[in-house]
Amino acid sequence: MGRRVVVLGGGFGGLQAAIELERVLPKEDEVLLVSDQNFLLFTPLLPQIASSRLDPRHIAQTIREIRGKRRFRFRRDTVQSIDLTARRVVLASGVVDYDVLIIGLGSRSHYFGIGGAREYTWNFKTLEDAVVLRDHLLDMCEHADHTTEEAVRRAILTFVIVGGGYTGVELITELSDFLFGYVARRYRGISAPEIRLLLLEATPEILRGIPEGLKAHALQQLKSRGIEVRTSAKVTRCGEEYVEINGSETIRSATIVWSAGVWANALVESLPGPHDRAGRAVVNSSLQLEGHPEVFVIGDSAAAATASASSSAPGAPQVAPVAMAHGEVAARNAAHFVKGEPMEAYSYKNKGMLVSLGMDYAVVSIGRLQFSGYLAWLFWNAVHLYKLVGLKKQLEVAIDWMMGTVFPGDASILRRPRRCKICEGAAARAVGAAGGQSDAQSR
Ligand SMILES: Cc1cc2nc3c(=O)[nH]c(=O)nc-3n(C[C@H](O)[C@H](O)[C@H](O)COP(=O)(O)OP(=O)(O)OC[C@H]3O[C@@H](n4cnc5c(N)ncnc54)[C@H](O)[C@@H]3O)c2cc1C
């Protein structure tokens, strides 16, 4: 009788595992992929959703499209718990038994216990986060367009990104392009000098891991785009309309985006055995969970011991290429496990770093090759187009990019934005002060 291999999580790692399992497992074995979203999100382009450069659907590829004619089954469902003893997964709409389990449930934001950070900052992990943030940014611009109170204008035109890693830097440069390139030109009530973009990094350096020369170019580029970079600026508290730095300085802002830390999925955190400082399950070099050789953990969920001498074991960085490599190795090891064969060891290889800094500049570091500027940006584009799954998505993104060079961006607010306490206060004061007089502040 065939065995059942269940893969949890349809992200970069889980999907790669399902595809590889199909290749290496005997036909009578069953592969089931379970994920709570029915698409693969191409996260490297997420900042371009917040800046209106790309249409959200263009970076989401449905799992059934990617699957094509492959055999594996897909079930859109939410994993609620994993019973390792009974070899059973409890889903929102039923239970599934497994012989082998591959866990690729990704990660979530880490707030380091900072008061108010979880409640009052904007998360930036999912497609929905990016769409909601985009609408909020536009909502702030709409309010600023007609609000007259100086202090309120300053707060709603101050955009803070917490975290000077790759995502924070790419996001703030995208926002800079959009706010200075589109908003300051089209919103008659907003002028460019009023827009404040602030990148806060707790450690003394941004873009940790990239060579010093490239970092200097990146810093220079951020400054030239009107972005204030504050290093050694530790966020110590957040409120609905402020962020506190180093316990002493308070900056008023209606937009504080959290991009400062990553923590393992709650289900992974609750797995038995050791975990690393990011809550990831520590697994051996075959990606197996301690005491459960039939369970493999991959991608952002795993801190894997690695055979590679070039990395600080355990645990490679939480990036897509690592998740995909884990997925492949775990799938092959799942097949080895059911066939009683020796396991393969995962070995981390650093494939380099590509960071986009807006519409025409990037920094690239691949092995000994290091360059920055427009050519690097073209290279960044080419690599990301190539990595998108499917010709349809590649064309959609390429066309969005081309359209963006010819036509202005799109500032339509698609969802009802969340309440903004600062804006509501200003509106109430404006109505009270007008006392029934007509207000002609629409530009
Ligand atoms: C904004 C942003 C930008 C990034 N940019 C880059 C980049 O430029 N380059 C790069 O290499 N990496 C980048 N990354 C990191 C990269 O996206 C991750 O390292 C990678 O996605 C990890 O793959 P994974 O398979 O482990 O998890 P994920 O891809 O996160 O997949 C996890 C899947 O599990 C599903 N899931 C979670 N919980 C449940 C549940 N309870 N039930 C069912 N399903 C569940 C999720 O919906 C998701 O589909 C970025 C990440 C973000 C957030």
**Request:** Give the angle, between 0 and 90 degrees and rounded to the nearest 10, that separates the Cα long axis of helix 421-434 from the longest principal axis of the Cα atoms of the chain.
**Result:** 20 degrees
**Item:** Whole-Å distance, taken between Cα centres, linking region 241-298 and region 356-407
**Value:** 29 Å
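Rounding to the nearest 20 debye, state how big the charge dipole of region 138-186 is about its Cα centre with +1 on each Lys and Arg Cβ and -1 on each Asp and Glu Cβ.
Values: 4 positive and 8 negative charges, 25 e Å.
Value, rounded to 20: 120 debye.
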**Message:** Could you work out the relative contact order of region 1-93? I mean the mean sequence separation of Cα pairs under 8 Å and 6+ apart, divided by the number of residues, in percent.
**Reply:** 28 percent
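Can you tell me the length gained on complete extension of the stretch residue 349 to residue 407, counting 0.36 nm per residue apart and subtracting the Cα distance? Show your work: numbers first, answer last.
On the way: separation 58, 0.36 × 58 = 20.88 nm, distance 4.08 nm.
Extra length from residue 349 to residue 407 when fully extended: 16.8 nm.
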**Complete:** Scanning the chain, every Cys lacking a C-beta partner under 4.7 angstrom -> 141, 238
**Item:** Most positive-pole-ward Cα, 422, 342, 303, against dipole of the chain from beta carbon charges
**Value:** 342
**Complete:** By the mean-Cβ-within-10 Å protection proxy, highest first, 405-415, 27-37 rank as 27-37, 405-415
**Message:** If I model a spin label as a point 7 Å beyond the Cα along the Cα-Cβ vector, how far apart are those points for residue 431 and residue 387 in nm?
**Reply:** 4.8 nm
**Sorted peptide list for 55-68, 356-369, 85-98, criterion being average Cβ within 10 angstrom, highest first** = 356-369, 55-68, 85-98
**Item:** On Cα atoms only, tilt of 320-339 relative to the major axis of the chain in degrees
**Value:** 20 degrees
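Residue 419 to residue 224: extension gain in nm, 0.36 nm per residue of separation minus the Cα-Cα distance?
Details: separation 195, 0.36 × 195 = 70.20 nm, distance 3.29 nm.
Contour length minus the Cα-Cα distance gives 66.9 nm.
When the accessible area of region 208-305 is split by element with a 1.4 Å probe, what percent falls to carbon and sulfur? If you can, show how the numbers build up before the last one.
Working: 1940 of 4040 Å².
For region 208-305, the apolar C and S fraction of the accessible surface comes to 48 percent.
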**Fill in**
Taking every C-alpha to C-alpha distance in region 239-279 and binning by 5 Å from 0, the per-bin percentages run 6, 18, 17, 13, 10, 14, 13, 8, 2
**Complete:** Among 222, 42, 404, the residue whose Cα sits farthest towards the positive end of the charge dipole of the chain, when +1 is placed on the Cβ of each Lys and Arg and -1 on the Cβ of each Asp and Glu, is 404
**Fill in**
At 10 °C in a medium of viscosity 1.306 mPa s, the chain has a Stokes-Einstein diffusion coefficient, with Rh taken as the Kirkwood radius over alpha carbon pairs, in µm² per second, of 68 µm²/s
**Prompt:** By per-residue mean of other Cβ atoms within 10 Å, what is the highest-first order of 178-188, 340-350?
**Reply:** 178-188, 340-350
**Complete:** For the chain, the longest principal axis of the Cα atoms and the Cα long axis of helix 374-387 enclose an angle in degrees, to the nearest 10, of 50 degrees
**Item:** Set of lysines with alpha-carbon distance to residue 393 below 30 Å, sequence-local pairs under 8 removed
**Value:** 69, 125, 349, 351
**Asked** Mind checking the dipole of region 1-155: about its Cα centre, +1 per Lys or Arg Cβ, -1 per Asp or Glu Cβ, Debye to the nearest 20?
**Response** 780 debye
**Fill in**
Summing -39500 (n - 2.57) over every DSSP H run of at least 4 residues in the chain and dividing by its residue count gives a helix-only mean residue ellipticity at 222 nm, to the nearest 500 deg cm²/dmol, of -10000 deg cm²/dmol
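The values are calculated or read from the model by the stated rules, or taken from the named source; none is laboratory data. Note that the structure is a prediction, hence the values are computed from the model and not measured. Please note: Cβ atoms are built from the backbone with ideal geometry, for glycine as well, and neighbour counts cover all protein chains shown. The area values use the complete protein model at the heavy-atom level, side chains included, leaving out ligands, DNA and RNA. Shrake-Rupley method; radii C 1.70, N 1.55, O 1.52, S 1.80 Å.
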